[in-house]
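Data block below; observations after.
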């Protein structure tokens with residue numbers, strides 16, 4: 001039965017990588033999701049006039065955030081980085097620098113019901129990654145923040161977001177290449193007369209290019225034939241349009257019951273090391289938070305209605321550690337003197353070569369490694385060596401900072 005308002009059980013986020021030949025995928029284990037819109041504007045006046053002449057609107061600013069349970073797979077990270085597989089050595093923050101992706105949320109009238117609408121945010125970029133364990137009995141979580149320039153709500157005859165991929169096989173010798181789009185048939189964009197194809201991205205020799213209607217391709221709504229005017233062997237074409245149905249392929253979203261549903265704090269090992277010193281497990285740790293922020297240059301260029309320049313200028317990684325006070329073990333590590341029975345731990349001499357490793361396992365036995373996080377070159381920015389009220393056990397906290405974060409499903413990438 002259709003609900004009068006939408007419940008989150010009837011909605012599903014999905015990621016469509018923009019660059020390269022990377023398969024779209026659902027965003028699983030999502031606990032919270034949001035979209036936000038901000039319209040920059042300036043009201044224009046002139047001498048001799050009381051009311052404004054016009055409103056000059058700037059480029060729309062869109063934002064999105066998602067909170068996801070850690071479930072031990074790297075799939076979401078790979079989609080966001082536009083990668084089909086983990087690079088040798090692990091995924092790093094630089095892998096997200098030039099990546100873009102579309103995010104859609106498939107909204108139905110009820111769980112497993114009929115599609116009502118899709119919210120589509122094209123060409124988003126990743127702004128931050130957070131990894132969090134709130135306390136020693138909590139589930140491990142991830143969080144992401146995204147930004148972009150566009151947001152579209154698809155309804156009625158345009159409510160289905162369709163993605164097609166066409167690869168030009170070897171031996172092709174003709175320039176023009178026909179693709180029939182009849183399953184389903186594209187719907188005309190009601191805002192732009194004659195527009196049936198929302199976007200085509202071509203990947204040729206690892207170069208991604210968005211194609212232009214008439215110059216690079218044509219579409220005949222009578223025959224439903226999309227013609228690529230100049231194709232060559234090895235080209236990959238990713239075609240996006242809206243339609244009134246999913247076609248025979250059906251709803252692209254599905255439930256993931258194959259992977260873990262969540263991972264608890266008891267299945268995680270956190271270690272800290274100074275340079276070539278001993279790697280020490282933080283066994284009195286009660287909370288962990290890692291925030292990797294990608295500081296981007298986001299600028300438009302003359303002749304464009306979107307921020308074409310959105311490269312990462314630098315990254316900031318902040319690590320917050322909280323725990324119980326016993327014998328200042330964590331401060332011995334900051335000093336580079338772990339296990340040395342060192343007599344004076346001088347905060348002015350704390351090291352800037354610290355290495356944090358977070359190893360995530362399938363369960364508390366810690367025999368099956370799932371995913372890991374590593375940051376090097378960390379240094380202390382703030383610390384509270386002891387804190388507590390009368391008649392309570394004391395706590396301590398440390399904040400570290402660096403500019404890198406590695407993510408991998410291979411243990412040796414984290415331990416090396």
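The strands (runs of 3 or more DSSP E) found entirely in region 43-152 that carry 1 or more residues being in contact with a strand residue (DSSP E or B) (Cβ under 9 Å, 6 or more places away or on another chain), without any contact (Cβ under 8 Å) to a residue 60 or more places away in the chain and buried (at least 17 other Cβ atoms within 10 Å of the Cβ) are 115-133. Of the residues in region 258-280, how many are assigned to a loop (DSSP other than H, G, I, E, B) and under 24 Å from residue 336 (Cα atoms)? Summing the residues that are assigned to a loop (DSSP other than H, G, I, E, B) and under 24 Å from residue 336 (Cα atoms) in region 258-280 gives 5.
On the stretch given as region 198-215, residues that are surrounded by 11 or more Cβ atoms within 10 Å (Cβ to Cβ) and part of a loop (DSSP other than H, G, I, E, B) total 2. Between 239, 290, the distinction of being modelled with pLDDT of 90 or more, in the same structural domain as residue 179 (by TED's automatic domain parsing) and outside any loop (DSSP other than H, G, I, E, B) belongs to 239 only.
Within region 28-42, the set of residues being assigned to a loop (DSSP other than H, G, I, E, B), closer than 24 Å to residue 372 by Cα and in contact with a strand residue (DSSP E or B) (Cβ under 7 Å, 6 or more places away or on another chain) comprises just one member, 29. In this structure, residue 89 does satisfy being outside the structural domain of residue 288 (by TED's automatic domain parsing), at positive phi and at pLDDT 95 or above. Screening region 216-235 for residues that are closer than 21 Å to residue 22 by Cβ and surrounded by fewer than 14 Cβ atoms within 10 Å (Cβ to Cβ) and picking the one that is farthest from the chain's Cα centre (by Cα) gives 233. Comparison of 288, 272 shows that the only residue that is over 26 Å from the mean Cα position of the chain (by Cα) and under 28 Å from residue 139 (Cβ atoms) is 272. Checking region 332-355 against the condition returns a match, with at least one residue being within 30 Å of residue 73 (Cα to Cα) and part of a strand (DSSP E or B).
Would you check if there is a residue in region 294-310 being modelled with pLDDT of 95 or more and surrounded by 19 or more Cβ atoms within 10 Å (Cβ to Cβ)?
Yes, because at least one residue in region 294-310 is modelled with pLDDT of 95 or more and surrounded by 19 or more Cβ atoms within 10 Å (Cβ to Cβ).
Does any residue of region 385-407 turn out to be at pLDDT 85 or above, under 26 Å from residue 261 (Cβ atoms) and not in a loop (DSSP other than H, G, I, E, B)? Yes; the residues of region 385-407 include at least one that is at pLDDT 85 or above, under 26 Å from residue 261 (Cβ atoms) and not in a loop (DSSP other than H, G, I, E, B).
The values are calculated or read from the model by the stated rules, or taken from the named source; none is laboratory data. In this text, all values refer to a predicted model and were calculated from it rather than measured experimentally. Virtual Cβ from ideal backbone geometry, glycine too; neighbours counted across all protein chains shown.
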